[in-house]
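The values are calculated or read from the model by the stated rules, or taken from the named source; none is laboratory data. Note that the structure is predicted; figures quoted are calculated from it, not measured. Cβ atoms come from the backbone with ideal geometry, glycine included; neighbour counts cover every protein chain shown.
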Amino acid sequence: MDRDVHARRWLLAGGFIRTLVPYDDLEGIHARLSALGDVQTFGTSVEGRPLWVVRIGASSERRALVTGAIHGVEYIGTRAALVFAESLMERPLDAEVWVAPVLNPDGYARTWREGGAAPIASVRRNARGVDLNRNFPLPWSSRPGRMPFTGSTSPSAATYRGPAPLSEPEARALASLALRLEPRVAAGLHSFMGALIPARVTHLSDWRHYSQMTRAFREGHGGFPYLRLGSPVGDVFTGELEDWLHHVVRCWAVCIECFPVWASLLQGLRAPAPFWRFNPRDPSRWERRDAEGIRAMIEVGLDGARPPERAGAGACLEVW
């Protein structure tokens with residue numbers, strides 16, 4: 001197979017196994033986490049894989065949560081989360097930082113097993129076919145939107161939201177972890193828009209604070225200026241993690257879409273496998289800059305007060 005796309009085949013135990021170079025499999029991720037501290041399991045996936053999180057820093061009320069791979073194919077988000085966590089060993093933050101680099105281990109494992117050639121919908125979602133980032137309750141008792149990518153009721157859709165909010169064990173486990181930790185700021189790492197997407201807010205004070213956080217990310221990143229997406233007027237709730245964290249946990253939460261579209265297209269107008277549309281062949285160029293941006297953004301989020309408590313924000317739909 002073409003070495004330029006980092007997809008190689010080896011004959012092992014009588015069959016072909018494809019691996020994705022230079023990314024880590026789940027065992028490698030666990031090894032990197034273990035080098036940082038005591039790895040905890042905060043839940044299990046549909047197929048029984050552990051959900052890992054590691055705490056870095058002394059116990060503090062200033063807590064941050066960094067997550068990756070809520071969509072199994074988005075390996076660059078996991079890499080950025082790991083590099084950020086490793087950077088804290090030399091340059092600690094004045095905070096208690098929790099890092100959960102793989103929220104969808106079943107999708108991640110299938111991506112690895114298929115050498116990145118699996119259909120995007122099947123590895124974006126969990127093993128029951130649910131988009132975990134559309135499975136969180138909607139604040140304000142909002143109704144699901146009908147715009148593209150806001151979540152679908154169709155089990156065949158890539159953004160299928162599931163039969164009910166928190167129907168999936170991975171989403172329930174993460175919600176329980178967040179409610180226990182009560183982080184003040186959170187970063188969810190995705191791919192591949194080169195964009196910063198804060199939680200949906202309608203109050204200008206919240207909007208301005210997110211402006212400060214996203215500006216800090218761009219300055220810390222020092223590279224391609226990731227765009228900020230969203231609007232305090234025309235946006236909608238989608239069942240995304242960040243919306244739920246902001247309005248229910250009262251946490252400043254930003255989705256970071258690593259590896260911008262233009263860079264993906266420069267790798268090739270036609271990706272040799274779906275995986276390589278979402279992930280750079282050389283992640284080192286992006287993961288280091290993203291890690292610095294995450295650090296700068298978290299510092300701004302930690303220095304501010306929590307989002308104000310809004311009446312009715314915690315009233316979430318139990319059914320779609």
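Observations on the model:
- The criterion of at least 1 residues that are in contact with a strand residue (DSSP E or B) (Cβ under 6 Å, 6 or more places away or on another chain), among the charged types (D, E, K, R) and touching a residue at least 12 places away in the same chain (Cβ under 8 Å) is met by the following strands (runs of 3 or more DSSP E) wholly inside the stretch 171-283: 252-258.
- Among the residues of the stretch 160-191, those identified as of a type in the set (S, T, Y) and more than 15 Å from the chain's Cα centre (by Cα) are Y160, S167, S176.
- Residue pairs whose Cβ atoms lie under 6 Å apart, sitting 6 or more positions apart in sequence or on different chains, and linking a residue in the stretch 67-81 that is touching a residue at least 40 places away in the same chain (Cβ under 8 Å) and at negative phi to a partner that is part of a loop (DSSP other than H, G, I, E, B) and β-branched (V, I, T), are T78/V102.
- Residue within the stretch 124-132 that is without any contact (Cβ under 8 Å) to a residue 40 or more places away in the chain, surrounded by fewer than 19 Cβ atoms within 10 Å (Cβ to Cβ) and either assigned to a loop (DSSP other than H, G, I, E, B) or in contact with a Leu (Cβ under 6 Å, 6 or more places away or on another chain) (or both) present: yes
- Of all residues in the stretch 285-301 being over 16 Å from the mean Cα position of the chain (by Cα) and in contact (Cβ under 8 Å) with a residue 24 or more places away in the chain, the one that is surrounded by the most Cβ atoms within 10 Å (Cβ to Cβ): G301
- Annotation note: of R8, R49, R32, R91, the sole residue that is out of contact with any strand residue (DSSP E or B) (no Cβ under 6 Å at 6 or more places or on another chain), at pLDDT below 95 and of a type outside the set (S, T, N, Q) is R8.
- Within the stretch 302-312, the set of residues being closer than 28 Å to V97 by Cα and over 23 Å from the mean Cα position of the chain (by Cα) comprises A305, P308, E309, R310.
- Between R91, R63, the distinction of being over 24 Å from W276 (Cβ atoms), in contact with a helix residue (DSSP H, G or I) (Cβ under 6 Å, 6 or more places away or on another chain) and of a type in the set (K, R) belongs to R63 only.
- Qualifying residues in the stretch 160-180 (those that are small (G, A, S) and within 24 Å of R63 (Cβ to Cβ)) - the one surrounded by the fewest Cβ atoms within 10 Å (Cβ to Cβ): S176
- Residue match in the stretch 105-114 (condition: more than 17 Å from the chain's Cα centre (by Cα) and either surrounded by fewer than 17 Cβ atoms within 10 Å (Cβ to Cβ) or within 22 Å of G230 (Cβ to Cβ) (or both)): yes
- Boolean, A216 is at pLDDT 95 or above, hydrophobic (A, V, I, L, M, F, W, C) and surrounded by fewer than 23 Cβ atoms within 10 Å (Cβ to Cβ): yes
- Any hit, the stretch 242-252, residues being surrounded by fewer than 20 Cβ atoms within 10 Å (Cβ to Cβ), over 28 Å from E90 (Cα atoms) and out of contact with any Cys (no Cβ under 8 Å at 6 or more places or on another chain): yes
- Residue within the stretch 68-81 that is among the charged types (D, E, K, R), over 30 Å from S264 (Cβ atoms) and modelled with pLDDT of 95 or more present: no
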